[in-house]
Amino acid sequence: MRKILYLKIVLILLFTAIILITACFQPRSPLGSDHEIRVVADSTIWQQAEPILRDIFEKEEYVPQPEKVFKIIRADLNNYKQFKNILFLSTLDSNDPISTDINSRLSEDARSKVESGNIMFVRKDEWASYQVIMFLIGQDLTTLLNKIDKQRSDIFFQFDDYWKKLHEEILYNYKEQVDVEKHLLKTYGWMVRVPLDFKLTVQSAKERFVMFHRKLPHRWLAVYWVEATDPGIITKQWCISKRNEIGETFYDNESVEEAAEPVKAEEVIFLNRRALKLKGLWKNDSDIDPAGGPFRMYCFFDEQTERIYFIDMHLFSPDPRKRKLHYLRQMEIIAKTFKTNIEVKLADL
């Protein structure tokens, strides 16, 4: 009996040790929100670089309250390794303790590249999973600031692209509705990848309209299309008019709200197509349940199918604690999975 008891105790201790060892070697989950970037820099460098960094990352969108795409936070030097997004700033000619520590992390090859004019180095998952770390290092402060100014788009892209890849994984990693995707492709000639929690609530081949809905907060993603051969009819006012038609028919008399915030329209490239992207507000003046919120819409001509498509995304989230921009950006990830039956075949799904 004693041998059996002893064996059981040994097995339990061994099993516990394996679990603890495995946990130690697994990357920790990082702290902080996905849109927060911690900056590690000496106060002198931070003071000079702060305005341009805020200009690069803290772009505001009105939803309808202003929200920043990313938020810059000066890092606490005692615990910055725990966070998702980290940005190191230094110069090779600085001898303050923070810059010295940052520069010591450079390999000889990296230091040589800085001396040759490169300033940006990016690492992933260094101290935690789903973590992006950027080093911006110049030979001197003037060179660093000038290079940051010239490389604004590339610097922003590194964090923005990582955010999108992370949330694409969040949306689709667990399960997606492949049967629904096949149904869309077979019935309507197009598809989007459908995350598990988005429910197909409205569909009509006759009215050329399909809508998905997800709750908490309420989010709607809809695709509407018209047969066309002339992309020249796509204008800001025409798209607003079409969205009002959709709102009246399918969104319980919802309409575009231009009095509070004018609709912004910009030409973009959407999945290798020229498109008009609209950003604005919607409203529903129902006496019973008035509501409103932000919307985004892509309107584009698909030459191969001779259709103009509208991909409309909007949400209702009155809770001021929830970031509306977060959910709009997630829906844009879904929108950019759009494909026609010329681009993908049913057998490929």
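Please go through segment 136-158 and give me each residue that is without any contact (Cβ under 8 Å) to a residue 40 or more places away in the chain, of a type outside the set (Val, Ile, Thr) and in a helix (DSSP H, G or I), ordered by number.
If the condition is that a residue be without any contact (Cβ under 8 Å) to a residue 40 or more places away in the chain, of a type outside the set (Val, Ile, Thr) and in a helix (DSSP H, G or I), then ASN146, LYS147, LYS150, SER153, ASP154, PHE157, GLN158 are the ones that fit.
Go through segment 248-273 residue by residue and tally those that are out of contact with any Leu (no Cβ under 7 Å at 6 or more places or on another chain) and in a loop (DSSP other than H, G, I, E, B).
Looking only at that region, the number is 9.
Of everything in segment 324-349, what is touching a residue at least 12 places away in the same chain (Cβ under 8 Å), of a type in the set (A, V, I, L, M, F, W, C) and either over 17 Å from LYS277 (Cα atoms) or surrounded by fewer than 17 Cβ atoms within 10 Å (Cβ to Cβ) (or both)? Give them in sequence order.
Of everything in segment 324-349, those that are touching a residue at least 12 places away in the same chain (Cβ under 8 Å), of a type in the set (A, V, I, L, M, F, W, C) and either over 17 Å from LYS277 (Cα atoms) or surrounded by fewer than 17 Cβ atoms within 10 Å (Cβ to Cβ) (or both) turn out to be ILE342, VAL344, LEU346, LEU349.
Checking the conditions here, which among TRP163, TRP220 is under 22 Å from the mean Cα position of the chain (by Cα) and within 25 Å of ASP252 (Cα to Cα)?
Answer to the check: TRP220.
Please work out which residue is modelled with the highest pLDDT, limiting yourself to segment 109-129 and to residues that are assigned to a helix (DSSP H, G or I) and of a type in the set (Gly, Ala, Ser).
It comes out as SER112.
Restricting attention to segment 275-284, does a residue exist that is exposed (fewer than 15 other Cβ atoms within 10 Å of the Cβ) and in contact (Cβ under 8 Å) with a residue 24 or more places away in the chain?
No, there is no match, as no residue in segment 275-284 is exposed (fewer than 15 other Cβ atoms within 10 Å of the Cβ) and in contact (Cβ under 8 Å) with a residue 24 or more places away in the chain.
Could you say whether any residue in segment 202-210 is of a type in the set (Asp, Glu), more than 25 Å from LEU325 (Cα to Cα) and not in a loop (DSSP other than H, G, I, E, B)?
no
The values are calculated or read from the model by the stated rules, or taken from the named source; none is laboratory data. Every value quoted in this text rests on a predicted model; they were computed, and no experiment measured them. Every residue, glycine as well, gets a Cβ built from its backbone with ideal geometry; the counts of neighbours run over all protein chains shown.
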